[in-house]
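Chemist: Structure in structure tokens, see below.
The values are calculated or read from the model by the stated rules, or taken from the named source; none is laboratory data. Every value quoted in this text rests on a predicted model; they were computed, and no experiment measured them. Positions of Cβ are backbone-derived with ideal geometry, glycine not excepted, and every protein chain shown enters the neighbour counts. These accessible areas exclude ligands, DNA and RNA; they are computed on the full protein's heavy atoms, side chains included. Shrake-Rupley method; radii C 1.70, N 1.55, O 1.52, S 1.80 Å.
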Amino acid sequence: MAAVGVAAAAWPFIDQMNPSAAALALSTVEVDLSPVAAGQQIVVKWRGHPLFVRHRTPAEIDSAKKVEVSSLPDPLARNANKPETASAADEDRVIKPEWLILIGVCTHLGCTPTGFEGDYGGWLCHCHGSQYDTSGRIRKGPAPENLAVPPYAFLTDTRVKVG
Amino acid sequence: MSGPSTYNPKSGFEKWIDQRLPLPRLMHDTIQTFPTPRNLNIWYTFGGILTFCLAVQILTGIVLAMHYVANAGLAFDSVEAIMRDVNYGWLIRFMHANGASMFFLAVYIHMFRGLYYGSYKAPRELIWIIGVLIYLLMMATAFFGYVLPWGQMSFWGATVITNLFSAIPVIGSHIATWLWGDFAVGDATLNRFFSLHYLLPFIIAGVVGLHIWALHVPGNNNPLGIDVKSPQDTVPFHPYYTIKDGFYLCLFVIVFAGFVFYAPDFFGNPDNYEQANPLVTPPDIVPEWYLLPFYAMLRSIPNKLMGVIVMGGAIVTLFFLPWLDTSRVRSCRFRPLMKQFFWALVVVCVLLGYCGSQGVDAAIAGIPLLWVARLATLYYFAFFWILMPIIGLIETPKKLPASIAQSVLGDSAAAAAE
């Protein structure tokens, strides 16, 4: 009984550390895609994190599709719009192949990787050397997972809502 | 604090106090008459120096908190205002920032001294363990403090360190969110770090009290590592060690002031004079120098969870030190084999620090630093978990002197003094 009482009294003091209502309220953002040409990437802030919105070229899409899923360090899609068990095949990383939308947080220790760098033409994280391909999948370095894909939906052909 | 008290209250007022709150008795017994080995050398003055460092950090910190604003939008500007507008703000902030480095410099010397002279061995295990706890609290405090100026290194340092917790399976990401109070390091994080940065030094002060209390039960170890056998072996703490500690404290303060006045940004990183930007990570993230060896260990492991475990294990290992050393002799002065491995450990720790300060792909004389760091990490763990237990068993120590007095004064003088 005493333990339950102590736990109940402690909980508010623990839970106050979690994101407040104000932090939770800021959790969607709308992005206009029309100014982003093929081969470009824009960075948008979402939930305090950078969000990569990359307009891929056909060559980049091709190189991402050619990779054998079984050869990837992380075989899962990490895509909030697909089932958790979806594979890391390029089709499961995107909704429309030309638009790759990723949370720009290295899955190692949270730095922001730099675009169009590294051996795989995707992203290179300068902090500890993780390299991602043109589908945002981890290929080399200490990061354990592919760059996460946030929940998003196309409102129109050139407008996307993230969160 | 322990043992028979030699306090003798003189006036009626002192007697009145002594019967109600024997604080003067405590002070008299701990810093005046406390019997201290007569052979303590320069390396034993760092306990006093560390107490001084803590006092400086608390004093300058309280002043800085009067001018600092813990808000992500205002923090950086408020620090610049301290540097430019507050009277002597530049001096107090540079004392605080360099004071942290001096604090760690002193604590590393203090720890290696304990390691060399076997000060962690029975009956002083708890002094060592409490000391490691203080070291952990110092690292946490320094980390929280480094975040407060809200520069680029503050922000990304906080991001990397808090993300270490996300390596924990299943609940890791929830712990990280809980630490941040948001989905990334932000205003909520800055506020709680400020609160904790203000709190922890006072916790450290309390634990330092326990450290000294535990020290005053068996008394000081000494460079010979042998027990005090007679009053001949000791001198009263005051005036002998108050003078000695005071002298070396003055030398230490000269070095400290040298940094504050002539190279105030020597330990700092230029990137931290740029305001935090959550969208751009600086090309080279480097922690403060005193954390570099652990950072090198983290980076040398290609797996995230294992890297975090190895880094944490390097500190947790220190808690087991008293039981890993199997030697019956304390001081490395009488341990010819251990002495060599000890100095190799010092070199390895410095080397790890160097590796941590360089980029991920750096090399030295064609050897990738990644592999240097891996070998150095291996030696660090092998030293404590393999070498230490084995050397204690196979080593033949040199002959120990009969007593501290005999060693210091020679046979005849010691006999004459009996």
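Chemist: For chain B, report the accessible area per residue in Å² (1.4 Å probe, heavy atoms, rounded to an integer). List each step's numbers first, then the result.
Modeler: Values: 19910 Å² over 418 residues.
On a per-residue basis, chain B sits at 48 Å².
Chemist: While we're looking at this one, here's another question. Kindly write out, for the range B:70-79 in residue order, the coupling ³J(HN,Hα) from the Karplus curve 6.51 cos²θ - 1.76 cosθ + 1.60 (θ = phi - 60°), rounded to whole Hz, with x marking Gly and Pro.
Modeler: Per residue, the Karplus-derived 3J(HN,Hα) values read 8, 8, 4, x, 10, 4, 4, 5, 5, 5 Hz.
Chemist: Moving on to the next point. Can you tell me the 0 to 90 degree angle between the C-alpha axis of helix B:369-382 and the longest principal axis of chain B, rounded to 10?
Modeler: Roughly 30 degrees, rounded to the nearest 10.
Chemist: Then there is this: Would you please put B:154-164, A:30-40 in order of how densely packed they are, using the mean number of other Cβ atoms within 10 angstrom per residue and starting with the highest?
Modeler: Details: B:154-164: 24.1, A:30-40: 13.0.
Order by mean packing, descending: B:154-164, A:30-40.
Chemist: What residues have an amide H closer than 5 Å to that of B:G151, excluding those fewer than 5 places away on the same chain, when H is modeled at 1.01 Å from N in the peptide plane?
Modeler: Under 5 Å from the amide H of B:G151 lie the amide H atoms of B:A276, each far enough along the sequence or on another chain.
Chemist: Quick one: check the C-alpha center-to-center distance for the range B:237-277 versus the range A:1-71, whole angstrom.
Modeler: Spelled out, the Cα-based centre of one part sits 43 Å from the other.
Chemist: Something else now. So what is the calculated 222 nm ellipticity per residue for chain B, using -39500 (n - 2.57) for each DSSP H run with n of 4 or more, over all residues, to the nearest 500 deg cm²/dmol?
Modeler: Per the formula, -20500 deg cm²/dmol.
Chemist: What do you get for GluC sites (Glu not before Pro) in the range A:71-113 restricted to DSSP loop and a cutoff of at most 13 other Cβ within 10 Å of the site's Cβ?
Modeler: Taking the range A:71-113 and a limit of 13 other Cβ atoms within 10 Å, the loop GluC sites (Glu not before Pro) found are A:E84.
Chemist: Any chance you could check the Cα centroid distance between the range B:335-401 and the range B:28-94 for me, in angstrom?
Modeler: One Cα centre to the other: 32 Å.
Chemist: Further, regarding this structure: Got a sec to turn the phi values of the range B:188-200 into Karplus ³J(HN,Hα) couplings, 6.51 cos²θ - 1.76 cosθ + 1.60 with θ = phi - 60°, whole Hz, x for Gly and Pro?
Modeler: Per-residue couplings from phi come out as 4, 5, 4, 4, 6, 5, 5, 4, 6, 5, 6, 6, 4 Hz.
Chemist: Starting at the first residue of the range A:67-81, write each ³J(HN,Hα) from the Karplus equation 6.51 cos²θ - 1.76 cosθ + 1.60 with θ = phi - 60°, in whole Hz, x for Gly and Pro.
Modeler: 5, 5, 4, 5, 8, 8, x, 10, x, 9, 5, 6, 10, 5, 8
Chemist: Give me the percent of accessible area attributable to carbon and sulfur for chain B, probe 1.4 angstrom.
Modeler: Of all accessible area on chain B, carbon and sulfur atoms account for 71 percent.
Chemist: If you take every residue apart from B:P37 with its C-beta less than 15 Å away from the C-beta of B:P37, what net charge results, scoring Lys and Arg +1 and Asp and Glu -1?
Modeler: Surrounding charge for B:P37 is +4.
Chemist: Can I ask one more? So how far apart, in nm, are the two label points at A:S20 and B:Y88 if each is 7 Å from Cα heading toward Cβ?
Modeler: The modelled label-to-label distance comes out at 3.6 nm.
Chemist: Quick check: net charge around B:A296, other residues with Cβ under 15 Å of its Cβ, Lys/Arg +1 and Asp/Glu -1?
Modeler: -1
Chemist: Using the 4.7 Å Cβ rule, please list in number order the cysteines from the protein assembly as shown without any candidate partner.
Modeler: Unpaired cysteines in the protein assembly as shown: B:C53, B:C250, B:C332, B:C349, B:C355.
Chemist: Could you tally the net charge around A:P97, taking each other residue with its Cβ under 15 Å from the Cβ of A:P97, Lys/Arg +1 and Asp/Glu -1?
Modeler: 0
Chemist: Okay, moving on. Amide H to amide H under 5 Å from B:A363: which residues, 5+ apart in sequence or cross-chain, H placed 1.01 Å off N in plane?
Modeler: Sorted by chain and number, the residues that satisfy this are B:L369.
Chemist: Cβ neighbours within 10 Å, averaged per peptide: list A:72-78, A:9-15, B:242-248 in order, most packed at the top.
Modeler: A:72-78, B:242-248, A:9-15
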